[in-house]
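The values are calculated or read from the model by the stated rules, or taken from the named source; none is laboratory data. Predicted, not measured: the structure shown is a model, and the values here were computed from it. So basically every Cβ, Gly included, is an ideal-geometry build from the backbone, and we count neighbours across all protein chains shown. Quick note on the areas: whole protein, heavy atoms, side chains included, nothing else; ligands and nucleic acids left out. Shrake-Rupley method; radii C 1.70, N 1.55, O 1.52, S 1.80 Å.
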Amino acid sequence: MRSVLIAGSAVAVLVAAGAITYAVAGEGDDGGSAIPSADSADAGFARDMAVHHQQAVEMSYIVRDRTKDTDVRRLAYDIAQTQANQRGMLLGWLDLWGLPKVSADPPMTWMGMGDMASGKDGALMPGMATNTELKKLGTLNGKQAEIFYLQLMTDHHKGGIHMAEGCVAKCTVTVEKNLAQGMVDAQQSELTTMARMLKERGAAPRD
């Protein structure tokens, strides 16, 4: 029964993703242009958040194999599935708009913050983990892995929320703005959950 419910949920997510993508494709049916430019906030957010989300998915799959804790594994699974689906939508919109998935400009240029992250050691945007931190996560087990993952993901969510708020303020495609606001709401809720989980493990978010 549980497998049926999970399968049904997965189908529902895919149907919703398809509906959102279709909505973006048809947003200009009133005669106005629905296709943003390559240097627009809409395109910049789609490109940057796709990269940001990919790292969250990677970290979540790493910790899934480093702990047997049900709560952490469930949280990691939810984050991985949600952000993988959202990443697919963002890249799909770039395809629909006929825009490149990469840019010569630094990340977050669309927010006027192209100098915010140096890209040193793989941390391309604020909140992203470094390559060294990802490698460290892959060496930890049990409680240590749980704490480090929750700390890394807390930083990651804070950076993601900041970018999503930027899209809410600057993007022009309504469905993309709505998705960005949904990211803000969901990740703020997860921040509260992760703070509680860290406290239960005698730890706290990093400063």
Residue pairs meeting the criteria (Cβ under 8 Å; at least 6 apart or on separate chains; first in contact (Cβ under 8 Å) with a residue 60 or more places away in the chain, in segment 58-71; second open to solvent by less than 50 Å² (accessible area, probe 1.4 Å) and not in a helix (DSSP H, G or I))
59/129; 62/138; 66/138; 66/140
Is there any pair linking a residue in segment 88-99 that is within 11 Å of residue 35 (Cα to Cα) to one that is open to solvent by 20 Å² or more (accessible area, probe 1.4 Å), with Cβ under 6 Å and at least six apart or on different chains, and which?
94/101; 96/25; 97/35; 99/38
(1) hydrophobic (A, V, I, L, M, F, W, C); (2) assigned to a helix (DSSP H, G or I); (3) under 17 Å from the mean Cα position of the chain (by Cα) all hold for residue 197 apart from (3)
Does residue 116 qualify as being at pLDDT below 95 and open to solvent by 60 Å² or more (accessible area, probe 1.4 Å)?
yes
For segment 139-179, name all the residues that are hydrophobic (A, V, I, L, M, F, W, C), part of a helix (DSSP H, G or I) and buried (at least 23 other Cβ atoms within 10 Å of the Cβ).
150, 152, 153, 163, 164, 167, 179
Which numbered condition in (1) open to solvent by 30 Å² or more (accessible area, probe 1.4 Å); (2) in contact (Cβ under 8 Å) with a residue 24 or more places away in the chain; (3) on the phi > 0 side of the Ramachandran plot is the only one that residue 121 fails?
(2)
So which residues in segment 192-207 are open to solvent by 50 Å² or more (accessible area, probe 1.4 Å) and polar (S, T, N, Q)?
192
Give me the residue from segment 127-138 that is touching a residue at least 12 places away in the same chain (Cβ under 8 Å) and part of a helix (DSSP H, G or I) and, out of that set, farthest from residue 192 (Cα to Cα).
136
Looking at (1) surrounded by 15 or more Cβ atoms within 10 Å (Cβ to Cβ); (2) closer than 14 Å to residue 79 by Cα, which is the one condition that is false for residue 189?
(1)
Listed residues 128, 153; which is aliphatic (A, V, I, L, M) and over 12 Å from residue 63 (Cα atoms)?
128
Residue list for segment 51-98, filter: small (Gly, Ala, Ser), part of a helix (DSSP H, G or I) and surrounded by fewer than 20 Cβ atoms within 10 Å (Cβ to Cβ)
80, 84, 88, 92
